[in-house]
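The values are calculated or read from the model by the stated rules, or taken from the named source; none is laboratory data. Here the structure is a predicted model, which means the values were calculated and not measured. Because the Cβ atoms are built from the backbone with ideal geometry, glycine has one as well, and the counts that use them run over all protein chains shown. We work out accessible area using only protein heavy atoms, side chains counted, and drop any ligands, DNA or RNA first. Shrake-Rupley method; radii C 1.70, N 1.55, O 1.52, S 1.80 Å.
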Amino acid sequence: DPRAFLGTISRARNAGITPDQLAKDGGQRFTASVYRAYLTWLRAHHAVDFDDLILKPVELLKSDPEVSERYRTRYATILVDEYQDTNQVQLELVRQLAETHRSLCVVGDDDQSIYGWRGACIDNILAFERHFPDASTIALEQNYRSTGSVLACANAVIRKNTARKAKRLWTASGDG
């Protein structure tokens with residue numbers, strides 16, 4: 001099924017995995033050969049796909065110091081919303097762009113990561129302070145939409161997540 005190949009290739013590309021790296025996984029050798037052929041076809045036809053919208057700028061920032069300097073100095077502050085749903089290549093783009101000014105603001109909730117099936121890497125938010133050691137973290141725990149009883153249930157469920165940052169949601173709205 002071509003869609004299965006495209007899905008696997010897209011997830012690999014968004015994780016920064018090359019065809020050679022994918023081939024090292026014993027069960028993925030054939031997929032790696034399709035991946036290699038796909039990249040060759042794209043280059044031969046001067047084409048890009050959706051994944052290239054992030055991959056190509058990252059490659060350019062890494063390979064061309066003049067371009068890298070231009071964009072690193074151009075953007076004084078980088079803002080990323082829904083950071084819990086970023087992938088490895090998006091993390092690298094953020095790192096590249098924020099390197100000069102070190103002014104980065106991300107907003108996200110590790111308990112609301114829903115795009116793992118699309119290549120989102122929850123470790124990007126869980127390890128944020130390790131990736132950006134000079135960052136400050138502010139937990140936004142007050143909820144303005146839900147009642148206390150809803151939040152009590154939510155806290156009971158999310159507390160069981162093994163990979164998460166500690167937080168306790170609360171509301172000033174009463175139990176409801």
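A few points about this structure:
- Residue in the stretch 91-103 that is of a type in the set (Asp, Glu), out of contact with any His (no Cβ under 7 Å at 6 or more places or on another chain) and more than 30 Å from Ala172 (Cα to Cα) present: yes
- Of all residues in the stretch 61-85, those satisfying the criterion of being outside any helix (DSSP H, G or I) and hydrophobic (A, V, I, L, M, F, W, C) are Ala76, Ile78, Leu79, Val80.
- Apart from one condition, Val67 fits all of (1) under 26 Å from Gly7 (Cβ atoms); (2) surrounded by 12 or more Cβ atoms within 10 Å (Cβ to Cβ); the exception is (1).
- Residue satisfying all of: in the stretch 117-176; open to solvent by 70 Å² or more (accessible area, probe 1.4 Å), polar (S, T, N, Q) and farther than 30 Å from Ile9 by Cα; farthest from the chain's Cα centre (by Cα) among these: Ser173
- Pick from the stretch 70-104, criterion more than 19 Å from Ala135 (Cβ to Cβ) and open to solvent by less than 40 Å² (accessible area, probe 1.4 Å), ranking: nearest to the chain's Cα centre (by Cα): Asn87
- Every condition in (1) in contact (Cβ under 8 Å) with a residue 40 or more places away in the chain; (2) touching a strand residue (DSSP E or B) at 6+ places or on another chain (Cβ under 9 Å); (3) among the acidic types (Asp, Glu) holds for Glu92 except the one numbered (2).
- In the condition set (1) under 30 Å from Arg168 (Cβ atoms); (2) of a type outside the set (Ser, Thr, Tyr); (3) surrounded by 14 or more Cβ atoms within 10 Å (Cβ to Cβ), Val107 is compliant with all but (3).
- Filtered by the rule that a residue be open to solvent by 50 Å² or more (accessible area, probe 1.4 Å), among the hydrophobic types (A, V, I, L, M, F, W, C) and assigned to a loop (DSSP other than H, G, I, E, B), the stretch 12-60 gives Ile17, Val48, Phe50.
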